[in-house]
Amino acid sequence: MAITAAGSGSAAQPGDSGFEGRAALGLVGLGVVGHVLRNRRFYERVAVAAIVVGALRRLGQENTASTMQHLVAVNKRAVQREMHQLEHKAKRQARAVKSTRRMVRSAPSKDLASKMRQP
């Protein structure tokens, strides 16, 4: 092992990879991929993962549909409650108007003046 001066620059630095280093890593990667693709367990795991992903997707869709149905039902009940309250309010106002009309149309009481004078 040779010791070089700090500024000489002729020594290879860790992390510096030339063409040979990249080619070696590429060959190792290809070897690993080839080994994985020949492995039966790999295909079994891919199949299981595909089934799990499909099942999770279906559950998500069902959950979304269920949530939407629930929200529609809640909204429908809220609209019905609001309509009932508005109808009730309209009936009260109609009774108040009818009562006011009766009071306006009715003749004043004959003894109204005497009632107002009494202490």
Between the modelled labels at Arg117 and Ser99 (7 Å from Cα along Cα→Cβ) the distance in nm is 3.1 nm
1/(1 + (r/R0)^6) with r = Cβ-Cβ of Lys89 and Thr67, R0 = 22 Å, i.e. FRET efficiency to nearest 0.05, evaluates to 0.10
In whole angstrom, largest first, the equivalent ellipsoid semi-axes that the Cα gyration tensor gives for segment 22-101 are 71, 14, 4
Two pseudo-spin positions, 7 Å from Cα along C-beta at Leu25 and at Arg38, lie apart in nanometres by 2.5 nm
Once the in-chain neighbours fewer than 8 apart are removed, the aspartates and glutamates whose Cα is under 17 Å from Lys91 read Glu82
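Read the figures in this text as sums done on the coordinates, not as results from a lab. If you're wondering where the values come from, they're calculated on a predicted model, not measured in any experiment. Cβ atoms come from the backbone with ideal geometry, glycine included; neighbour counts cover every protein chain shown.
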